[in-house]
Amino acid sequence: MNELITQINDAIWTYLLIGVLVGCGLWFTFKTRFVQFRMVGEMLRLLTESAVDTVGKQVGEQQAEKKSKNISSFQAFAVSVSTRVGTGNLAGVATAIAIGGPGAVFWMWVIALIGSATAFVESTLAQLYKEKYKVSFIGGPAYYIQKGLHQRWMAVLFAILITCQFGLSNNSIQANTICSAMQEAFGWSPAWVGGTMAFMAMFIVFGGIRRIAHFSAILVPIMALGYVTLALVIIAMNIEQIPHILKIIVLDAFGIEQVAGGGLGFTIMIGVKRGLFSNEAGEGSAPNAAATAFTTHPVKQGLIQALGVFTDTLLVCSCTAFIILISGLYQVPELNGIALTQSALQSEVGSMGPVFVAVAIFLFAFSTIIGNYYYGEVNICFITSNNTVLTLYRLCSCGLMIMFGALASFELVWNIVDFFMALLTICNLIAIVLLGRYVFRLLDDYRNQKRQGIKEPVFHRSQLPELEDELECWE
């Protein structure tokens, strides 16, 4: 069964998904006039804003007080980054290098640079078509597929796929990686670690999106800063090797040996697969978090989520890649996944390396489990309002699948994730290509308001008259 899934995955990724994913990214880059490069400064500025301050300036203190219960732009960013920054950054990068060679890192960078435009489009659409939900908002691809394309069947299909991918299979891979790291560092039983994680996860997810958002907003910056700081120290200690490391990455990405041996395509495929797993650009996951934020213009959250792709791949993934390549242990056949990252750190900082990685991967992957769960919840609620179904999903996502991942093999959990990731991404890319024209108009409106000296552009649904009846949150 595992071998059959591998063959199906290779066929889907090699002959279809890579071309579509890169093609869409290039198309969105061109149509947005390179938004991911030209507006980096605006992305950084927006990230520091709070929802209350922004609303207070626009609609007055009374409305600001009313809206203060909503999720801020930073909290929505933190939820999405909590799912991006996880196993893919530590174990995924190591797997890409071990299987695809150092050149896979280059293709991870490429897919991030191109994919950030795709991330901008999908998250802007999520903001545009979001709906009111309890004390915050709710939305994502299932919502913009139904309201924008008027295809209920396709929206339900996406909702099912993302629930299977993030709420179920992706959580199993996070648990698998945490248990492997803990066993490597402390010798702890995977069953015991898995059971503890399941209990902690269920405590958090039964608190709803506000508890998830507050948890992510606190944990994500701390864990990312700690890991990046250690990585930068190691890189600084080996600064003389960096030119050589960059040369290895580039030569391996385009090397004659790879082309002649037919291995170049495999290197590209591994780099793109692990890059997409890490940054999720185009996969349709981050829009579920982006839709929860209160903001005055859909483009704002699109820009912030585009920045999340850079944060994930160009910063955190690169840190892991440099540590592994500096150590030289990627050439050891027995090392793969999180064990390779732990061994690489051990070679640089001593016996504390595996312990640090074990703690870091626990924080990274556990926050990912929480964010993944929420993506599934949003889409379960889209399909049905039955509380019994939601409770059953919570038990499966944060109980059953965590225990499955803790006990299953490394190869099986990765193959299942790759399969659902491919189907999910294809479904979402079709939708955002068809709806992208509205994002281009929104971006033009945002830029025009900025040129007029308006610091905080505001969108009203009357600016898209053909959609006015479908946009309930932009009065």
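Which residue pairs have Cβ atoms closer than 6 Å, lie 6 or more positions apart in sequence or on different chains, and pair a first residue in segment 246-257 that is modelled with pLDDT of 80 or more with a second residue that is assigned to a helix (DSSP H, G or I)? Short answer, once both residue conditions are applied: Ile249/Val105; Ile249/Phe106; Asp252/Gly103; Ala253/Gly103; Ala253/Phe106. Restricted to segment 135-153, and to residues there that are assigned to a loop (DSSP other than H, G, I, E, B) and touching a helix residue (DSSP H, G or I) at 6+ places or on another chain (Cβ under 8 Å), the residue that is nearest to Gly284 (Cα to Cα) is Gly140.
Looking across segment 454-466 at every residue that is open to solvent by 10 Å² or more (accessible area, probe 1.4 Å) and among the aliphatic types (A, V, I, L, M), the one that is modelled with the highest pLDDT is identified as Val458.
Across segment 409-453, which residue is least open to solvent (accessible area, probe 1.4 Å) among those that are under 30 Å from Gly337 (Cα atoms) and hydroxyl-bearing (Ser, Thr, Tyr)? Walk me through it before giving the result.
From segment 409-453, those under 30 Å from Gly337 (Cα atoms) are 409-429; that's our starting set.
Checking which are hydroxyl-bearing (Ser, Thr, Tyr) leaves us with 409, 425.
Working: Ser409: 54, Thr425: 0 Å².
The qualifying residue least open to solvent (accessible area, probe 1.4 Å) is Thr425.
For Asn448, the test of being in a helix (DSSP H, G or I) and under 30 Å from Ala96 (Cα atoms) is failed. Evaluation of Ile323 against the conditions (1) surrounded by 24 or more Cβ atoms within 10 Å (Cβ to Cβ); (2) over 26 Å from Glu456 (Cα atoms); (3) under 15 Å from the mean Cα position of the chain (by Cα) shows that the sole unmet condition is (3). Scanning segment 283-318 for residues that are open to solvent by 10 Å² or more (accessible area, probe 1.4 Å) and of a type in the set (A, V, I, L, M, F, W, C), we see that the one that is modelled with the highest pLDDT is Leu307. Selection of segment 174-191 for residues being touching a residue at least 12 places away in the same chain (Cβ under 8 Å) and of a type in the set (S, T, N, Q) yields Gln174, Asn176, Thr177, Ser180.
With the condition being acidic (Asp, Glu) and within 20 Å of the chain's Cα centre (by Cα), I'd like the helices (runs of 4 or more DSSP H) fully within segment 333-432 carrying at least 1 qualifying residues.
Values: elements: 337-349, 352-383, 387-395, 401-407.
By residue number, 352-383.
Against the conditions (1) under 30 Å from Ser462 (Cα atoms); (2) part of a helix (DSSP H, G or I), Lys132 satisfies every one except (2). Screening Ala358 against (1) under 22 Å from Gln146 (Cα atoms); (2) open to solvent by less than 10 Å² (accessible area, probe 1.4 Å) leaves a single unmet condition, (1). Among the conditions (1) at negative phi; (2) modelled with pLDDT under 85; (3) surrounded by fewer than 23 Cβ atoms within 10 Å (Cβ to Cβ), the only one that Gly262 does not satisfy is (1). Listed by first and then second residue, the pairs with beta-carbon distance under 7 Å, at least 6 apart or on different chains, first residue in segment 298-324 and of a type in the set (Lys, Arg), second buried (at least 24 other Cβ atoms within 10 Å of the Cβ) and assigned to a helix (DSSP H, G or I), are Lys300/Ser73.
The values are calculated or read from the model by the stated rules, or taken from the named source; none is laboratory data. Quick caveat: nothing in here was measured; it's all calculated off a predicted structure. Quick reminder, even Gly has a Cβ in these numbers, built from the backbone with ideal geometry, and neighbours come from all protein chains shown. Surface accessibility is based on the protein's heavy atoms, side chains included, excluding ligands, DNA and RNA. Shrake-Rupley method; radii C 1.70, N 1.55, O 1.52, S 1.80 Å.
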